[in-house]
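Undergrad: The following block contains the structure, expressed as structure tokens.
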Amino acid sequence: MKTRIVAELFSPSLLPVALLSKGHIKWANASFESIPADIRSQLIKQEKVLVHDYLFERLSCDERELLIGTPFVSTQHERKLIRELLPALATGGDPWLTCARVLGPMIGKSELVAVKHQSEDADELLGHWYDGDTLPPRRLTSEHAIAEKVYAAKDDRLLFANPAQEYPEDSLVADSRPLYFASQRVDSNDKPRGYLALLESGNIDALAENLRLLQLAGDVLAGHFASEPEALPESDDEQLHPRDELTGVPGRSAFDAALEKAELRYLQTEKNCEMAMLDINGLSAINNLKGIEYGDRVLKLLAKGLKSICRSGDRVFRFGGDEFVLLMPFGKHAPPLIKRLKQVESQLRKDTGIETFSLAYGISSLSETQGSSDDLMLLCDRRLRDSKAEQRKET
Ligand SMILES: Nc1nc2c(ncn2[C@@H]2O[C@H](COP(=O)(O)OP(=O)(O)OP(=O)(O)O)[C@@H](O)[C@H]2O)c(=O)[nH]1
């Protein structure tokens, strides 16, 4: 190994490289020189050493040795992602938004989108991490958009350079004109459920770093969808079951249809479903004190709060007046509903400024009534009344 050739080859390298002769450094590049002296002498003595995220190895020839450090891939970000994302997904709420909220702060200044596949021609951008914050959800059309390719591709991972040139009608890339768009599709039951993507404007090193996290988050999401109980079939015929105009959630007739389907499914397959009937305590007093519009706002905030604790198979309905119903299909373990409802109550106290805001609820599941939806309604209603009576006694 000629010193001159080694020096010419490795001087510009960012990898630490040293040429050793009889256990002494004959030549080293700047990257190697930047390692503290005590660690350098340790490196010279030992066969294989892990230092500063580098794995040092030796290539020998004619009594000389080339010591080269190659980056040792640190898994600390991946472990942090798993440790934070899994429990966050388990607490409920929309998985796409949860994913953006957990992954966003880990990817620095990069832009991240978490997109739920809604229908053939439309998607919902639920988690958009941009400039250190999540932006409000918005609808995306997939026609002439990058999403078409993401869903049609054989590979679940794609990288596009200058995507705005190829997809000028795609608002996702046309507005911010990123240099790279890297996507990780999330499938379950061989169907695309949506995708995660990074939009990177220049920092290719950041893209390379964050790609691993993106793919891992996509895999965790796919696992989450696979482990979730099958969603209740949506009665999305809006003509037949119009949504509640004030809160935007489905109303009474949609609930009746969904409960009927849940009953049928339980009787056919024993797939269980938890139901909660909820009622705001003292909405009439809120109306009287603060006005009907304020009461309306409380109802809207409650609908939003209830949606936020729903997993993708769960549904919220406005039963009427100040009453809501939740239907949550589940497998082995019922969702921790009381804990989640307490979270909603405490969020509502903050959002409405009403320190005494509280809910009464009655909870049961189809297995408790041997699959009878009528009995389930009666049981939930009785528990709701009991809870109201109990709370009245306390105040
Ligand atoms: N602002 C507003 N109020 C509504 C709406 N629908 C029903 N309400 C009010 O909700 C209240 C429901 O009455 P109650 O069931 O007696 O409920 P409450 O005042 O919360 O009393 P308790 O349930 O016994 O704690 C009535 O005052 C209705 O006017 C609505 O769409 N907007």
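What follows draws every value from the coordinates through simple rules; no lab data is involved. Everything numeric here is computed off the predicted structure, so don't read it as measured data. Don't worry about glycine lacking a Cβ; one is built from the backbone with ideal geometry, like all the others, and counts go over all protein chains shown.
Undergrad: Rank by packing, highest mean first: peptides 4-13, 336-345, with packing defined as the count of other Cβ atoms within 10 Å averaged across residues.
TA: My ranking of the peptides, most packed first, is 336-345, 4-13.
Undergrad: At what distance in nm do the modelled label points of Glu394 and His24 sit from each other, each positioned 7 Å from its Cα along Cα→Cβ?
TA: Taking the two extended label points, one gets 8.1 nm.
Undergrad: Convert 4 °C to kelvin, take the viscosity as 1.567 mPa s, use the Kirkwood radius over C-alpha pairs of the range 230-377 as Rh, and evaluate the Stokes-Einstein diffusion coefficient in µm²/s, rounded to a whole number.
TA: 82
Undergrad: Counting other C-beta atoms within 10 Å, which of Glu270, Glu323 has the fewest, and how do the rest follow?
TA: Fewest-to-most Cβ neighbours within 10 Å comes out as Glu270, Glu323.
Undergrad: Taking the range 145-205 on its own, what percent of its Cα-Cα pair distances exceed 18 Å?
TA: 32
Undergrad: With angles folded into 0 to 90 degrees, how steeply does helix 292-308 sit against the dominant principal axis of the chain? Use alpha carbons for both and round to 10.
TA: 50
Undergrad: What's the FRET efficiency of Ser367 with Arg297 using the Cβ-Cβ distance as r and R₀ = 35 Å, to the nearest 0.05?
TA: 0.40
Undergrad: Would you mind getting me the FRET efficiency between Ala161 and Lys2? Use the beta-carbon distance for r and R0 = 51 Å, nearest 0.05.
TA: E(calc), rounded to 0.05, equals 0.80.
Undergrad: While we're on this one: List the trypsin sites (Lys or Arg not before Pro) within the range 27-63 that fall in a DSSP loop (any state other than H, G, I, E or B) and whose Cβ has at most 10 other Cβ atoms within 10 Å.
TA: Passing sites in the range 27-63 are Lys48.
Undergrad: Any idea what the alpha-carbon Rg over 2.2 N^0.38 Å comes to for the range 76-227?
TA: So the Cα radius of gyration is 0.95 times the expected 2.2 N^0.38 Å.
Undergrad: Identify the GluC sites (Glu not before Pro) of the range 113-214 meeting these criteria: DSSP loop state and at most 14 other C-beta atoms within 10 Å of the C-beta.
TA: Answer in residue order: Glu120, Glu143, Glu169.
Undergrad: At Asp133 and Ala334, where each label point lies 7 Å from the Cα along Cα→Cβ, what is the point-to-point distance in nanometres?
TA: Spacing of the two 7 Å Cα→Cβ label points: 4.0 nm.
Undergrad: Going by a ≥ b ≥ c, the root eigenvalues of the Cα gyration tensor, does the range 1-141 fall in the rounded group (a/c under 1.5), the prolate group (a/b larger than b/c) or the oblate group?
TA: The shape class here is prolate.
Undergrad: OK, next. Cα centroids of the range 99-131 and the range 288-320: how far apart, whole angstrom?
TA: If you average the Cα positions of each part, the centres end up 25 Å apart.
Undergrad: Please tell me the relative contact order of the range 76-227 in percent, rounded to the nearest whole number, where contacts are Cα pairs under 8 Å and at least six residues apart.
TA: Once normalised by length, the contact order is 22 percent.
Undergrad: Another question, then. Test of understanding: what is the full-extension gain from Leu50 to Asp205, defined as 0.36 nm times their sequence separation minus their Cα-Cα distance?
TA: 53.6 nm
Undergrad: Give, in whole angstrom and from largest to smallest, the semi-axes √(5λ) of the equivalent ellipsoid of the chain, with λ running over the eigenvalues of the Cα gyration tensor.
TA: 55, 24, 21
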